[in-house]
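K.L.:
Before I ask anything, here is the structure I am working with.
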Amino acid sequence: MKYVIVQRQSQGVYWHDPSAYLAELPKLRARLPTGAWTFTTDPEHYDFAAPHCVKDLKLRSLPPAAAAKPSSFELRFERGPIQGRNGLTISYSDVTTVEIHTENGSAFDFSDYNSLRLDETLPHPRGCTHELAFTTATIRITCADLQAKWDPIDLR
């Protein structure tokens, strides 16, 4: 990622710092597509205690077309059994590339350990890139735009 810092300090301990990205965001407004801008600038996006924070989300599946450059692509995240927190679905339109890199070159690990650390959305000539840093992997999607939909919060 260009601005957001996700740095492993020791086994299971990370330093997360989106402050440089948040400082840069106002300069990106005119160049980010509407859906990407709306998702990225949600006041809770990087608030680690907020229901709409992306940190610690668990990716539950990758579409089988991940390696085939699909025109549309969707990622489904769950929060787990934390009351007052919800899952997230991100739908990408006019996708041109999907890159998945894992630490050891193996398949993406869907265990709870491999949670989303943070993400970053940047302008691209084709729309935007959305880079997601997980504990043991990175996913980078280039698309025209994205739409994020949070599940309703279950307060039972």
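The values are calculated or read from the model by the stated rules, or taken from the named source; none is laboratory data. Since the structure is predicted, the reported quantities are computational estimates derived from the model, not experimental observations. With ideal geometry, Cβ positions are generated from the backbone for all residues, glycine too; neighbour counts draw on all protein chains shown. Side chains included, ligands, DNA and RNA excluded: accessible areas come from the protein's heavy atoms. Shrake-Rupley method; radii C 1.70, N 1.55, O 1.52, S 1.80 Å.
K.L.:
Which of the residues belonging to the stretch 109-135 are farther than 22 Å from PHE39 by Cβ and buried (at least 16 other Cβ atoms within 10 Å of the Cβ)? Please lay out each step first, then the result.
P.N.:
Going residue by residue through the stretch 109-135, those that are farther than 22 Å from PHE39 by Cβ are 109-113.
Within the stretch 109-135, just ASP109 meets the criteria.
K.L.:
For the stretch 114-149, which positions are within 15 Å of ARG79 (Cβ to Cβ) and not in a strand (DSSP E or B)?
P.N.:
ASN114, SER115
K.L.:
What's the total number of residues in the stretch 8-31 that are open to solvent by 50 Å² or more (accessible area, probe 1.4 Å) and either assigned to a loop (DSSP other than H, G, I, E, B) or within 18 Å of ILE139 (Cβ to Cβ) (or both)?
P.N.:
So the count comes out to 3.
K.L.:
Would you mention how many residues in the stretch 32-66 are surrounded by fewer than 19 Cβ atoms within 10 Å (Cβ to Cβ), touching a His at 6+ places or on another chain (Cβ under 9 Å) and among the charged types (D, E, K, R)?
P.N.:
Selection size over the stretch 32-66: 2.
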